[in-house]
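Derivation of every value follows stated rules applied to the coordinates shown; laboratory data play no part. Predicted model, so just to flag it, every value in this text is computed and none were measured. In this analysis, Cβ positions are derived from the backbone assuming ideal geometry, glycine residues included, and neighbour counts consider all displayed protein chains.
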Amino acid sequence: MTGFGSAHHEGALVKVEIELKSLNGKFMDLTFKMHKLAQPYEVDFRNLISQRLKRGKVQMNLNIVGMDPSVAKRNINKALFMVYKNELEQLADEAGIKKGDLLKVIMELPDVVETQEGEPDDALRQEFMDALGMAVDKLVAYREHEGALMATELEQYALNIARHMALIDANKQVRIDYMRKRLKDIQDKYLTNDQKDGNRLEQEMVFYLERFDITEELVRLDGHINYFIRELKGEGSGKKLGFIAQEMGREINTIGSKANDSQIQHQVVQMKDDLEKIKEQVLNIL
């Protein structure tokens, strides 16, 4: 949801410069910094931005760089002018300063010269909205470009997990054979020939092999990975991708807990690392 868009629009009434900046956020959070002339149209700005950008922390800067004289009507706040004049003349007398430049100083003080605020004007509103629409288009294009790069990155993380999973699956039989041999060695070490029971040994082997079997977890994890990639290439939302990532995490954790094998644990650590990268990135997807 990070993005930037700017626009320079020259209409019949005003020349407008707009900048839009967006950062990641779960909700729509809008802040405005704009010319007084544009303030009556803030609700319109909010509606347009919310409809197009959905969510995120968005800041809009609107600056007017030129306007038609009919729009730029100004007047002097006479009461405020006289307050400044009296105070400055008194200070000038006390400090022994000439009063010749006071007029220029007063005219540059805040709110002495004001823009007349009238009723919202449809033509003026449309010019502001045209400028904002151009800026939003550029920000959306920026987001789409960033989104395409992110999708490629996420797919690679998912494929990395699939690669580690394939290595685990390829060594699955070696692990089972090792566990069979270990149980047989334990029996040979601690039991006499008279105490040995072949049927009991097989039962114990079945019990332990079922307890540490990870076939179902690998099958489910493979399904989650394929589902994640399909949604990533389709129209999957960030929340949906996040839910799939959670399911992937459950299977990876179960594989790790049942592993009882250092090589599998190493692969699990690598899968968790890639999964954390996925979880961080999907938060940026609408």
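Figure legend: label point modelled 7 angstrom from the Cα of HIS145 along Cα→Cβ; residues of the stretch 1-41 with amide N under 13 Å from it are 3-6. In this calculation the C-beta distance from ARG46 to LEU80 is compared with R0 = 30 Å, giving a FRET efficiency of 0.40. Can you work out the FRET efficiency for the pair SER237 and VAL174, with r the C-beta to C-beta distance and R0 = 41 Å, to the nearest 0.05? Computed FRET efficiency for SER237 and VAL174: 0.50. From most to least packed by mean Cβ count within 10 Å, the peptides 93-105, 54-66 give 54-66, 93-105.
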